[in-house]
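Below: one structure, written as structure tokens.
Nothing in this text is a laboratory measurement; each read-out follows from the coordinates by a stated rule. Since the model is a prediction, treat every value here as computed from it, not as a measurement. As a convention, Cβ positions derive from the backbone with ideal geometry for all residues, glycine included, and neighbour counts pool all protein chains shown.
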């Protein structure tokens, strides 16, 4: 019968005086190192999930308009508004405290979930990401084009890089059949980067 009591932690009375060596912050929650780690993980979640979600929302709005500012503003409203709505509902319906840390956690979780869903539905999101990469490439933003192509799962070859890419693949292969296979795979990787293949 006392086996259940053996599993529970031993409790001390609340009237016991804390020792002078103990800090009050140590008994109230996580250590300062753990709080720092939590902040870093939260920041990474918001940045990574936010970037993927922003590019995806911009590509969805791009189905309607090619205007960069329209795509950016509507996508930012969704990327900021949806997690804010979820955080607001969560804080109102529960008695959880936490303030800004809780809101930051909700933002990180919601944005990462949306990003994971977008990655999971590759058959639907890949063409959107590739088209968004094409838009960035046409506007001259190579870095954002590479990000969009990476999210779409393709490796772009930009026009000024075409002169160096075949030479590198030709020297990497020793036989003619391996060279033919490498150039065929290079053509497949470059195909999504061209706007005429849509």
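Once you place label points 7 Å from the Cα toward the Cβ at residue 85 and residue 119, how far apart are they in nm?
Result: 2.5 nm between the two label points.
Gain in length, residue 44 to residue 73, computed as 0.36 nm per residue apart minus the alpha-carbon separation, to one decimal in nm?
8.2 nm
Determine the gain in length on full extension of the stretch residue 36-residue 92; use 0.36 nm per residue of separation and subtract their C-alpha separation, reporting nm with one decimal.
So the chain would gain 17.5 nm between residue 36 and residue 92.
Separation between the residue 160 and residue 101 pseudo-spin-labels, each 7 Å from Cα along Cα→Cβ, expressed in nm?
Output for this residue pair reads 4.9 nm.
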